[in-house]
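A.B. asks: The structure follows.
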Amino acid sequence: MPSVTTWTRIEPRNQNEINVGLQARVEDPLWLLARQWQMGEFRAEDAGTPVLAHVQGDAYGIARLHSGRLSPMGSGAARPFDSRVEPLEPAVERDFVLRGPSPDLRFAVDAGRYFMRQLELKGAAPYRGPYQQAYLLLAPTAEQLASVDPATRRFWTSVAARVTDGARLYADLRVTLRPDGGSPALPPIPVVPDADQPKVLAAALAWLTWYEAQVSEPQGNDIAWQNDRMEYAFSLSLPTPTGEIVLDVPEYTTGRIEWDTFSVRMPAVLGSSPGETRREAISKKLIPAPATYPGMPADRWWEFEDANVHFGAATPGTEDLASLVMLQFALIYGNDWFVLPLELPVGSLCSLAVIVVTDSFGGAKYIRPFEKAGGINAGWRLWTTSGSGAALDAAGFRADAVFVPPSLGPVLQGSPVEEVLLLRDEMANLAWGVEHIFEGRAGVPVNRRDAWDNAHPDPQQATAAAAAAGAPPAPAIYRFATEVPDYWIPLVPARDSITAPIHLRRGTIPGPEGSGSVAKGRLLSAGVALALFDEEVPRAGARVTRNWQYARWIDGSRHLWIGTRKEPGRGEGSSGLRFDTIANGTIRA
């Protein structure tokens with residue numbers, strides 16, 4: 001009779017207890033103790049281990065923010081700034097997006113649709129039609145269609161005279177709903193009866209708040225971007241009971257604000273008063289923790305060390321003193337250091353007045369700042385703000401202060417909506433601003449290089465195709481100047497006087513059909529005066545981009561803005577500009 005054998009579990013079975021194996025017994029423990037004694041593991045130092053530290057100090061917060069460079073005398077207008085609710089990067093980098101001279105058409109359409117929804121939610125649906133007729137998105141003129149990119153042209157013509165223009169609506173509501181010294185009111189057109197005014201007003205206020213919360217934009221002319229340097233400049237004011245401390249940042253391009261970005265500017269005045277002082281006392285008792293780092297030598301004989309970092313493989317030269325000091329610290333004295341996990345308030349200038357360390361024997365040790373301890377290196381300081389010392393002492397503040405900026409953590413950055421290359425062309429003896437990408441009115445980045453290549457086929461291929469077809473060669477013609485792509489903007493050197501520095505001003509290279517190089521983006525915009533310092537375009541060049549940035553602050557608030565970045569370029573370039581040339585008639589030189 002056939003049978004079927006099945007198994008539900010296949011595993012080894014241990015007949016003995018595993019406690020003995022887990023104990024890892026050693027037959028000769030005395031030998032192990034002897035080896036530890038030989039290596040000095042039992043040798044104690046005549047010193048106590050720190051077990052408690054009492055830290056006291058002061059922290060003064062930011063009161064005002066000045067966008068742009070300070071005057072030579074160190075003064076400027078500044079607006080109130082509270083780092084507890086607003087990070088520093090959006091406040092410095094943000095640019096006009098929705099309230100600029102050419103607002104995004106796509107957002108204007110979406111905003112108009114959202115206003116209609118608000119009217120429905122507030123019980124004012126009958127006024128959807130009147131508001132749409134009053135703020136209808138106007139059809140573009142022939143001149144406007146000729147000046148925009150194809151994507152904007154298609155979108156504009158498809159929605160014109162059919163949807164509400166949210167940008168125009170916002171421009172009117174911002175004036176009437178937030179008047180200077182008056183009460184909120186609706187625009188005169190369309191006419192809303194008094195009985196329905198509260199409903200429409202509630203919808204308009206809710207929509208206005210939503211509109212302004214979408215993107216972080218400057219208030220008034222509070223813009224830190226400097227066109228003549230292609231970088232940001234700003235200053236912070238920290239009032240104290242004994243005086244005002246100004247932290248200045250004359251150059252900022254990286255997109256990341258760190259403590260070493262700032263320097264103390266003295267004398268400087270941004271208008272802060274002692275009444276704006278935001279002081280926070282620091283008084284904490286902390287437990288010191290031993291300093292640890294990867295590759296640290298183990299302090300126990302029978303302990304495996306981390307093999308990811310091998311300090312023994314480092315071979316610094318005899319003149320490399322910094323590396324030698326670092327290796328000596330890491331291999332010999334590393335276990336003699338302790339760390340105090342002290343949290344400082346964000347957006348404040350902090351100074352520690354007292355650090356009292358209590359050891360395991362009950363003794364208390366007063367730790368003084370390094371520069372106050374005397375010695376030949378008493379003036380050397382680390383982790384202090386540049387330009388401090390006598391400047392902070394004059395303001396009645398300790399010179400060993402450190403600034404904790406209200407900087408964002410990880411930031412999501414989008415693809416460039418505008419890209420400009422600043423480069424040198426030695427053959428043409430010119431500097432150029434090459435506008436590769438600009439943002440169209442429809443919010444879509446437009447690649448000007450691809451557009452130019454599509455409109456201007458390779459002339460050598462056309463000549464070769466004509467020769468292959470047996471066409472006679474075109475006669476040679478004289479060209480006054482070769483044609484340069486229209487997205488190459490010449491930067492012509494000029495100076496206002498003999499002693500004035502050289503500036504690079506925007507120029508124009510006329511085209512063969514009367515057109516020429518024209519800037520369409522904001523960085524090299526023809527509507528803004530451009531006088532770029534000559535040293536800002538080195539031989540290596542520079543790459544300037546505008547990108548969308550998104551991040552969250554410590555209170556959970558979200559921040560969306562457009563920031564500009566500048567980084568080193570890729571070297572020199574060639575525009576192909578030449579004068580007085582003889583070329584074949586079929587070639588576009």
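A.B. asks: Per 5 Å bin, what percent of the C-alpha pairs of region 105-213 does each bin hold, from zero upward?
C.D. replies: Spelled out bin by bin, region 105-213 gives 2, 12, 22, 23, 17, 11, 8, 4, 2, 0 percent.
A.B. asks: Residues with amide H under 5 Å of Phe338's amide H, sequence separation 5 or more or different chain, H placed in the peptide plane at 1.01 Å from N; which?
C.D. replies: Ala291
A.B. asks: Report the local net charge at Val356: Lys and Arg +1, Asp and Glu -1, summed over other residues whose C-beta lies under 13 Å from its C-beta.
C.D. replies: +3
A.B. asks: Before rounding to the nearest 500, sum -39500 (n - 2.57) across all DSSP H runs of length at least 4 in the chain and divide by the residue total; then give [θ] at 222 nm in deg cm²/dmol.
C.D. replies: -6000 deg cm²/dmol
A.B. asks: Can you give me the Rg/Rh ratio for region 412-584, using Cα atoms for both radii and the Kirkwood formula for Rh?
C.D. replies: 1.07
A.B. asks: List every residue whose amide H lies under 5 Å from the amide H of Thr508, counting only residues 5 or more places away in sequence or on a different chain, with H placed 1.01 Å from N in the peptide plane.
C.D. replies: Amide H to amide H, under 5 Å and 5 or more residues apart or across chains, Thr508 pairs with nothing.
A.B. asks: Moving on to the next point. What is the order of Leu270, Leu33, fewest Cβ neighbours within 10 Å to most?
C.D. replies: Lowest to highest Cβ neighbour count: Leu33, Leu270.
A.B. asks: With a 10 Å Cβ neighbour count serving as the proxy for reagent exposure, in which order, fewest first, do Ser360, Ser237, Ser102 appear? Don't skip to the end; give the middle numbers.
C.D. replies: Working: Ser360 11, Ser237 23, Ser102 15.
So the ranking, lowest neighbour count to highest, is Ser360, Ser102, Ser237.
A.B. asks: Quick one: which of 307-314, 245-252 comes out on top by average Cβ neighbours within 10 Å, and what's the full order, highest first?
C.D. replies: With the highest mean Cβ count within 10 Å placed first, the list reads 245-252, 307-314.
A.B. asks: Students often get this wrong, so try it: which of [x] 1.38; [y] 1.08; [z] 0.97 is Cα Rg over 2.2 N^0.38 Å as calculated from the structure shown?
C.D. replies: [x]
A.B. asks: Restricting to the chain, compute how many DSSP beta bridges are antiparallel as a %, nearest 5.
C.D. replies: 100 percent
A.B. asks: What is the helix-to-structure angle for 166-177, meaning the angle in degrees between its Cα long axis and the longest Cα principal axis of the chain, kept from 0 to 90 and rounded to the nearest 10?
C.D. replies: 70 degrees
A.B. asks: Tell me the angle of helix 197-213 to the major Cα principal axis of the chain, expressed in degrees between 0 and 90 and rounded to the nearest ten.
C.D. replies: Computed tilt is about 60 degrees.
A.B. asks: Would you mind getting me the FRET efficiency between Asp299 and Trp548? Use the beta-carbon distance for r and R0 = 51 Å, nearest 0.05.
C.D. replies: E between Asp299 and Trp548, to the nearest 0.05, is 0.55.
A.B. asks: For a test of understanding, tell me how many lysine pairs in the chain have Cα atoms under 22 Å apart, given they are 8 or more places apart or on different chains.
C.D. replies: 4
A.B. asks: Let me ask another. What angle do you read, to the nearest 10 degrees and between 0 and 90, between the alpha-carbon axis of helix 150-159 and the longest principal axis of the chain?
C.D. replies: Tilt relative to the chain: about 70 degrees.
A.B. asks: Rank these for me by crowding, Ser158, Ser216, Ser351, going from fewest to most other beta carbons within 10 Å.
C.D. replies: The order, fewest Cβ neighbours first, is Ser158, Ser351, Ser216.
A.B. asks: For region 24-41, just list the computed ³J(HN,Hα) in residue order, Karplus coefficients 6.51, -1.76 and 1.60, θ = phi - 60°, integers in Hz, with x standing in for Gly and Pro.
C.D. replies: My calculation for region 24-41 gives 6, 5, 10, 6, 10, x, 5, 5, 5, 5, 5, 5, 5, 5, 5, 7, x, 5 Hz in order.
A.B. asks: Given H placed 1.01 Å from N in the peptide plane, which residues other than close sequence neighbours of Gly516 have an amide H under 5 Å from its amide H?
C.D. replies: Hits under the 5 Å cutoff: Gly511.
A.B. asks: Convert each backbone phi in region 333-344 into a coupling constant with the Karplus relation 6.51 cos²θ - 1.76 cosθ + 1.60 (shift: θ = phi - 60°), then list the ³J(HN,Hα) values in order as whole Hz, x for Gly and Pro.
C.D. replies: So the J values, rounded to whole Hz, are 9, x, 7, 9, 10, 10, 10, 9, x, 9, 9, 10.
Every read-out reported here was derived from the displayed coordinates using simple, explicitly stated rules and does not represent laboratory data. Being a predicted model, the structure only gives us computed values, none of them experimental. Quick reminder, even Gly has a Cβ in these numbers, built from the backbone with ideal geometry, and neighbours come from all protein chains shown.
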